[in-house]
Amino acid sequence: QVQLVESGGGLVQPGGSLRLSCAASGIIFRPNIMAWHRQAPGKQRELVASISSGGSTNYADSVKGRFTISRDSAQKTMYLQMSTLKPEDTALYYCYLNGVQGTFWGQGTQVTVSS
């Protein structure tokens, strides 16, 4: 059974940076898409960034130019490098994986941007 565990969240000041990590346990067989989603209080969960098996990436307009999604060669760890953080980025960030084995979500890691 595949499990995803996020880490790296925390409290940062506006303009600061954080790097989130998502570690996958078990064997990952031909993942189609790995992605980061986030959900702020009172808002729906939204897609932040995704990366396909072919390496193509997609970003929400609100984070383009500030966030970068990446993964290791084994596709067992995914990262989200966040820079120039804004208070609007405050949310619970979730790791997501979809592939032939099914769809999997992490438990979330909290990112709070405040002065």
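Only the coordinates and a few stated rules stand behind these numbers; no lab work does. A quick note: this is a predicted structure, and the numbers were derived from the prediction, not measured. Cβ: placed from backbone, ideal geometry, glycine included. Neighbour counts: every protein chain shown.
Quick notes on this one:
- Relative contact order [Cα under 8 Å, 6+ residues apart], the range 1-66, whole percent: 22 percent
- Here the chain is treated as an ellipsoid with the same Cα gyration tensor; its semi-axes, largest first and in whole Å, are 24, 14, 12.
- Note on residue 86: lysines with a C-alpha under 16 Å away, same-chain residues under 8 apart excluded, are 64.
- For the chain, modelled as a GNM whose springs connect Cα atoms under 10 angstrom apart, the maximal fluctuation among 54, 65, 99 occurs at 54.
- Contact order, relative form, for the chain: 38 percent (alpha carbon pairs under 8 Å, 6 or more residues apart, mean separation divided by residue count).
- Think of each Lys and Arg Cβ as +1 and each Asp and Glu Cβ as -1; about the Cα centre, that makes the dipole of the chain roughly 100 debye.
- In this simple spin-label model, placing a label point 7 Å from the Cα along the Cα-to-Cβ direction at both residue 52 and residue 114 gives a separation of 4.0 nm.
- Neighbour net charge for residue 113 - beta-carbon separation under 9 angstrom, K R +1, D E -1: -1
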